[in-house]
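Read through the structure below, which is laid out as C-alpha cells, and then see the notes.
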Amino acid sequence: MFNLIVIIQSIVSGLLIGGIFALLGVGFSLTWGVMKVINIAHAAFGLLASYIAYWGLNLYGIDPILSLFLSLPLLFVTGLFIHRFLIQHITRSKDIIVASMILTFGLAIILENIMLLAWTPDERLITTSYSSKAIFLGDIIIRISNLLGFILSIIGISTIYLFLYHTKTGKAVRATWQDPEGAALQGVNLQKVSMIAFGLAIASSGAGGVALAYMYSFNPPSHNLWLIFLFLVVIVGGVGSIMGSAISGLLIGLITGLSNAFFPMQWINVLLFGLLMVILLIKPEGLFKK
Amino acid sequence: MRKKLFRKIYGFNILIPLFLIFYSFGLGIGAEKPIVIGGSLPLTGTFSATGKWVERGYQFWAEEINSKGGLLGRPVKLLIYDDKSDAKEAVNLAEKVITVDKVDLLLGGYPGTACTAVMPVAEKHKMVYVSMGGHMKSFSQGYTYSFGGPPLMGEWWYLGFFEWMKTVPPDKRPKKAAIYTMNNPIGMALMDSIYKGCKELGIEIVIDEKYNLPLTTADPMITKAKQMKADLLFANGMFPDGVMTIRACKALDYSPKAIVQGIGSVIPEWTRELGKDGDYIFSGTSWHYKLKYPGNDKLIRVAKERFKEDEPPLYFGFGYAWMQTLQQGVEGAKSLDQTKIRDWLKSNEVRTIAGNFKFDERGLPKPFIYLTQVINGTVELIWPPDMRTHEPVYPKPPWK
Amino acid sequence: MIKGKAKFLLFFVILFLIILPLIKPPTYFLSLIFKIFLYIILSESWNLIGGFTGYLSFGHVAFFGIGVYTSAILMQNLGISPFIGALPAGILSSAVALIIGYPCLRLRGPYFAVVTLCFAFIVDLVVKNWNFLGGSEGIHLKLMEMDIQISRSIFYEIFLGLSILIVFFSRWIQNNKFGLGLAAIREDEDVAQTLCINTSDLKIKAFILSAFFPGIAGGIYAYYISYIHPDIVFDISISILIVLMALFGGGSSWSGPLIGAIILSIVNEILSLFIKPEFARIIYGGMFMIVIVFMPDGIVSFLKGERGK
C-alpha cells in the first residue's frame with residue numbers, strides 16, 4: 001500500500017492525534033519528574049473534564065471549549081487539594097514512587113466509581129455542529145475536531161512551557177526538580193511549589209480530556225485505556241521533559257497512523273509496546289533527556 | 001329486634017369466612033417461599049453499560065411475573081452479584097449462587113467470555129443456563145444444560161444482510177468488500193457469515209483486517225477502503241469504534257453502497273450521539289422491539305415510562321427474553337428439577353419476544369438473524385420480509 | 001522467627017485447612033479459598049523479585065498466563081493432564097523469565113515496572129493473534145470426568161500444598177545468604193555492588209524463581225477454569241493486584257504477601273456481599289489510599305514498628 005495519498009493522510013491524522021497524546025503526557029511527565037509521583041489517576045481527572053464538557057453541551061448548549069473555563073480552574077484547585085492532603089503524606093515513605101502509584105491507583109478507582117454513580121456507564125460522545133466537518137487540503141482531509149484538539153494541545157503545552165521557563169513559580173518548580181535541597185536552601189517553599197505544579201498537571205489533563213472527547217466516545221472505565229499511552233509518551237520522551245513529551249506524543253501518533261497504512265492493524269499495538277521495550281532497554285532516559 | 005339480631009349474626013357469619021378467606025390468601029402468598037434466580041452481571045467495570053440493561057430486563061420480567069401470581073404460584077426473587085466485568089469472578093459467583101445461596105435457577109451473564117466460562121460450571125452442577133452464549137465454539141463442547149435463548153451468534157450475524165442482498169438485482173449489488181474486524185471472540189465469529197455470504201454473492205473481498213481495541217483512529221482504514229474502491233464496508237466493531245468509523249467515513253467523504261456495522265448501531269446512543277450521520281447503517285440483531293412477537297409493546301412502554309428511553313435498549317430486551325425462555329422451561333416441566341426443565345426445553349417450542357425457538361441438542365435454535373437499518377434516527381427491521389417495518393434505503397445516499 | 005505458641009497455632013490452622021474438603025463444604029468456599037491460595041502463590045513468588053529485591057515487576061501475570069497456555073496446549077494437542085503439564089509450564093515460564101530478565105533487569109525502579117508491563121501486554125497481544133494458541137477465541141479444555149465436589153477439593157489441596165511450599169520457600173530465602181544479598185540490592189544496589197555482591201547474578205536468579213511458581217500455578221489453573229482466553233489469564237489487573245497485595249502486607253518480609261493476599265481477598269469478598277457495587281469499589285480504592293498514607297511500608301512493617309517502640 002504505497003499509495004502517496006494514504007501515506008500523507010496517515011501522517012496528518014497521526015500527528016493530530018499525537019498532539020493530544022502529548023498534551024496528556026506532559027502533565028503526567030511533570031508530576032513524575034518533579035514530584036516523583038506516578039499519577040495513575042491522571043487520565044481519570046481528564047475524564048472528569050470530558051464529562052463536564054458533555055454536561056455543558058447537552059444541558060446548556062455550551063461549547064466544550066468554553067466549558068474549559070470552568071473545568072480547568074476546578075481541576076487546578078482539585079489538584080492543589082489532592083497534593084496537600086494526600087500526596088504530601090506519602091513523602092515520608094522509603095520509596096515515594098511506589099507509594100504514589102498505590103495511592104493514585106486507589107484514587108483512580110474512587111474517581112471511576114464516583115463517575116459511574118454520577119453519569120452511569122452509558123457511552124457518551126461530544127457532538128457539536130462542527131464535529132464531522134473537515135477542511136480539505138487537496139485530497140488530504142483534516143477533521144475540525146482533530147484540529148481543535150491539536151490546537152488545544154499546542155496551547156496547553158506552550159502554557160506549561162512558558163510557566164516553567166518564564167515565571168518565578170515555574171522556575172522554582174524546575175529548581176526543585178533538579179535540586180530539591182539546593183532549592184530549599186534558596187528559600188523555595190517546596191510544598192507550595194509542588195502543589196502548584198500538581199494542580200497545573202491535573203488541569204492540563206483536563207484540557208487533554210476535552211480534546212479526546214471530541215474524537216472518542218467515553219464512559220467511566222475509559223481512563224484505563226489511555227493510561228498505557230501515557231506511559232509510552234512519557235518514557236519515550238524522557239520523564240520530566242516537556243519538549244520530550246511533546247515530541248514523543250507526536251512520534252507515537254505518527255507511528256500509529258503510519259503503521260495503519262503499512263501493517264495489518266492488529267499488530268500495531270504489538271509494534272508500539274515493542275518500541276517502548278526497545279527504547280527502555282537501549283535508552284531508558286528517553287530520547288530527549290533533559 | 002330478633003330480625004336485627006339475626007341480621008347482625010348473619011352479617012358476621014358472612015364477614016368471618018370472608019375475612020378468613022382473605023387472611024389465608026394473604027398468608028398463602030406471603031408464606032410461599034420465593035423462587036430464587038441467581039447469577040452475576042458486570043455492574044461495574046468495562047462492561048457495565050450493557051450489564052446494567054440486562055439487569056433491568058431481568059428485573060422487569062420479575063416484577064411482571066410477580067404481579068401475575070409468580071412462577072409455579074411462587075414469587076420470584078433475583079439475586080444478582082457484581083462480577084466487576086471479570087470472567088473469573090463470574091465463575092466464582094456462579095459457584096456461590098449454586099452451592100451457597102442454593103438458588104433454584106440460574107440467570108445468564110454478560111459478555112460472551114463470562115458466559116462461556118460459566119457454562120462448564122453450570123454443566124458440572126447440572127443446572128440449566130440460559131444466556132447469550134459465547135458463539136458457536138461454546139455450544140460445541142457437548143454441554144447439555146446450556147441454552148441460547150436467544151443466543152448472540154456472531155456466525156449468524158450477517159445472514160439477514162446477505163439474504164436480503166440476494167433480492168437486490170445483481171447489477172445493483174456491491175462488487176468489492178472492505179472488512180475491518182475487532183480482535184476478540186465476537187469479532188472473530190462475525191467474520192464467518194461474511195466469508196460465506198460474499199462467496200455466494202460473488203463479492204470480492206479487497207481488504208480483510210483486524211484491529212485491537214481501543215481503536216485510536218479510523219482514518220487510515222477508511223482511507224484505504226476508499227483507495228481500494230470498496231463499495232461495501234463491514235465495520236465489525238462495537239459502539240466506540242463504530243462511531244469513530246462512521247465519523248471517519250463522513251469526514252473522508254467515503255460513501256460505499258452500504259455500511260454494515262457489527263454491534264452498536266441498534267442501541268439508542270447511536271442515534272442520540274451520531275444524529276443524521278448514523279442513518280442508513282445496516283446491522284444484525286437477535287432481537288428488536290419492533291418484532292411482531294407478543295410482549296414487545298410492553299417493553300416499549302416500560303422503556304419510555306420508566307427509563308425515558310424512546311426505544312427499549314437491546315440488552316433490556318435480551319434480558320427479558322432469556323427469562324422468558326427459562327420461565328417457559330420451568331412452567332412446561334411444572335417443576336424446578338433442572339433435568340426436567342432441560343428435557344422440556346429440548347423437546348418443546350419456546351415463545352419469546354425475540355421469536356419462537358426449538359432448541360437442538362446443543363441448546364441452539366435454528367440459525368436466525370434480523371437485518372436492521374437505521375432510517376431517520378430509528379432502527380427499522382428489513383429482513384425477514386414478514387417482519388419488515390420499513391423499506392430499506394439502498395444504495396446509501398451521500399453524506400449531507 | 002516463629003515462636004512456640006504460634007507454631008502450634010499454625011499447625012492447627014494448616015491441619016484444619018487440609019481436612020476442610022472432607023466435610024464437604026459448598027464448593028464455593030473451596031473455590032474462594034482456592035482463589036486466596038492462588039494469590040498467595042502469585043504474590044509470594046512475585047515478592048522474591050519485587051519486595052525482597054526491590055524490582056517491581058508489573059507484568060507478572062504473563063508468567064501465570066504462559067503457564068496456563070502451556071499446560072492447555074499440552075492437554076489439547078497431546079492429551080497430557082495439566083497436573084503433569086504444570087511442571088513444563090513452570091519451566092517454560094522460568095525460561096521466558098531468563099530470556100527477558102537479562103535485558104530488563106538492567107533497568108531500575110519505575111522503568112523496570114513499565115518494561116515488564118509492556119512485556120505482559122505484548123504477550124497478551126501475541127497470543128490473541130496466534131491461531132495455534134486459540135487466538136482471540138480461546139481454548140476449551142475437556143472437563144474433568146469426576147464429580148465437581150471432588151475436583152474442586154483436588155485443586156484446593158494442590159494449591160494449599162503449593163502455598164505452604166512457596167511461603168516456607170520465601171521464608172527460607174529471606175533468611176539465607178541469597179536473601180540477604182537481595183535485601184542488600186533492595187537497600188542500595190550500587191553499594192551492594194561495591195561490596196562485591198554479584199548483583200546481576202542474584203537478580204536474574206530471583207527473577208527466574210519468581211516466575212517458576214506462577215507458571216506451575218497457571219498450569220493447574222488451566223484445568224480448573226477449563227475455558228482459557230487471553231482476557232481471563234493475561235488480565236493486567238491480576239498483575240496490579242499481586243503487587244498491591246505484596247506491598248500492602250509489606251514487601252520486605254515473607255509474611256507480607258501472605259497477609260496482604262488474605263486480607264485483601266477477604267475484604268473484597270465482604271464488600272461485595274453487603275455493599276452496592278460502586279460503593280464497594282470506592283471503599284476498596286479508599287483502602288489502598290488509607291494504608292499507603294498511614295502504613296507506607298506495609299502492614300507487617302507497621303506492626304513490627306509498633307512493637308519495636
_Rough spin-label spacing in nm, given labels placed 7 Å along Cα→Cβ, for C:V126 and B:V36_ = 4.6 nm
_Rounded, prolate or oblate (a/c below 1.5 giving rounded, otherwise prolate when a/b exceeds b/c) for the range A:1-93 by Cα gyration tensor_ = oblate
*asked:* Can you tell me the length gained on complete extension of the stretch C:I290 to C:E145, counting 0.36 nm per residue apart and subtracting the Cα distance?
replied: 47.5 nm
_Prolate/oblate/rounded label for the protein assembly as shown (Cα gyration tensor, a/c 1.5)_ = oblate
*Would you check the accessible area of B:I37, probe 1.4 Å, heavy atoms only, in square angstrom rounded to 10?*
0 Å²
*Just give the residues from the range A:244-282 buried by at least 40 square angstrom of accessible area in the all-chains context relative to the isolated chain, probe 1.4 Å, and say none if nothing qualifies.*
A:N260, A:M265, A:Q266, A:W267, A:N269, A:V270, A:F273, A:M277, A:L280, A:L281
*Compute the label zone of C:L303 within the range C:162-179: residues whose backbone N is under 20 Å from the point 7 Å along Cα-to-Cβ.*
C:163-175
*asked:* With a 1.4 Å probe and all protein chains left in place, how much of the accessible area of the range C:1-142 comes from carbon and sulfur atoms, in whole percent?
replied: 77 percent
*In the range B:118-227, what percent of the accessible surface is made up of carbon and sulfur (1.4 Å probe, ligands and nucleic acids excluded)?*
54 percent
*Interface B/A, total buried accessible area with a 1.4 Å probe, nearest 100 Å²?*
3400 Å²
*What Kirkwood hydrodynamic radius, in Å, does the range A:176-275 give when the mean of 1/r is taken over all pairs of distinct Cα atoms and then inverted?*
16.0 Å
*Dipole of chain C, Cα-centred, from +1 at each Lys and Arg C-beta and -1 at each Asp and Glu C-beta, to the nearest 20 debye?*
720 debye
*asked:* Between helix A:144-166 and chain A, what is the angle of the helix's C-alpha long axis to the longest principal axis, kept within 0 to 90° and rounded to the nearest 10?
replied: 20 degrees
*Mind grabbing the accessible area of C:I164 for me, 1.4 Å probe, Å², rounded to tens?*
50 Å²
*Could you check the simple spin-label distance between C:I14 and A:A118, using points 7 Å along Cα→Cβ, in nm with one decimal?*
5.1 nm
*Please compute the net charge surrounding C:P26, taking Lys and Arg as +1 and Asp and Glu as -1 over other residues with Cβ under 12 Å from its Cβ.*
+2
*State the answer as a single residue: which of A:G274, A:F229, A:V26 lies farthest towards the positive end of the charge dipole of chain A, with beta carbon charges of +1 for Lys and Arg and -1 for Asp and Glu, about the Cα centre.*
A:V26
*To the nearest 10 degrees, how steep is helix B:2-31 against the longest Cα principal axis of chain B, on a 0 to 90 scale?*
40 degrees
*Dipole of chain B, positive direction: furthest Cα of B:A303, B:G133, B:Y211, with charges on the beta-carbon*: B:A303
*Size of electric dipole in the protein assembly as shown: Cβ of Lys, Arg +1 and of Asp, Glu -1, about Cα centre, debye, nearest 20*: 1820 debye
*Can you pull the accessible area of B:T217 for me, 1.4 Å probe, Å² to the nearest 10?*
10 Å²
*Excluding residues fewer than 8 places away in the same chain, name every one of the lysines whose C-alpha is closer than 17 Å to that of B:K96.*
B:K77, B:K84, B:K88, B:K124, B:K126, C:K24, C:K35
*Helices from chain C with mean Kyte-Doolittle at least -0.5 and a Cα length along the axis of 27 Å or more, per DSSP H: which?*
C:27-49, C:82-104, C:109-129, C:148-175, C:199-225, C:255-274
*asked:* Quick check on the protein assembly as shown: helices-only [θ] at 222 nm, where DSSP H runs of length 4 and up contribute -39,500 (n - 2.57) each and the sum goes over total residues. Nearest 500, please.
replied: -21000 deg cm²/dmol
_Under 23 Å from the Cα of A:K192 - lysines, other chains or at least 8 residues apart_ = A:K36, A:K94, A:K168, A:K171
*Please determine, in degrees from 0 to 90 and to the nearest 10, the orientation of helix B:48-67 with respect to the longest principal axis defined by the Cα atoms of chain B, where the helix direction is its Cα long axis.*
30 degrees
*Place +1 on the Cβ of every Lys and Arg and -1 on the Cβ of every Asp and Glu in the protein assembly as shown, take the dipole about the Cα centre, and give the residue among C:M144, A:L258, A:G240 whose Cα lies farthest towards its positive end.*
C:M144
*Counting pairs of alpha carbon atoms under 8 Å apart in space and at least six apart in sequence, what relative contact order in percent does the range A:9-282 give?*
42 percent
*Net charge of Cβ neighbours under 9 Å - reference B:M387; Lys, Arg +1; Asp, Glu -1*: +2
*Under Stokes-Einstein, with the Kirkwood radius over Cα pairs standing in for Rh, what whole-number D in µm²/s applies to the range C:27-235 at 37 °C and 0.692 mPa s?*
188 µm²/s
*What shape does the range C:78-200 take by its C-alpha gyration tensor, where a ≥ b ≥ c are the square roots of the eigenvalues and a/c under 1.5 counts as rounded, a/b above b/c as prolate, and the rest as oblate?*
oblate
*Unit charges on C-beta of K, R, D, E only; dipole of the range A:9-282, Debye*: 540 debye
_So the label point goes 7 Å from the Cα of A:T167 along Cα→C-beta, right? Which residues of the range A:180-218 then have their backbone N under 18 Å from it?_
A:188-208
*asked:* With every atom except the alpha carbons ignored, what do you get for Rg and Dmax of the range B:82-181, in angstroms?
replied: 18.2, 62
*Pair C:F274, C:T194: separation of 7 Å Cα→Cβ label points (nm)*: 5.4 nm
*asked:* Sort C:R106, A:R143 by heavy-atom solvent-accessible area, probe 1.4 angstrom, most to least.
replied: C:R106, A:R143
*Accessible surface, per residue, of chain C when the full set of protein chains is kept, probe 1.4 Å, Å²*: 40 Å²
*Residues of the range A:9-282: accessible area per residue at 1.4 Å, in Å²?*
35 Å²
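The values are calculated or read from the model by the stated rules, or taken from the named source; none is laboratory data. Just so we're clear, the structure is a prediction, and the values are computed from it rather than from any experiment. Here Cβ is always computed from backbone atoms with ideal geometry, including for glycine, and neighbour counts include all displayed protein chains. Note: accessible area is taken over every heavy atom of the protein model, side chains too, but ligands, DNA and RNA are not part of it. Shrake-Rupley method; radii C 1.70, N 1.55, O 1.52, S 1.80 Å.
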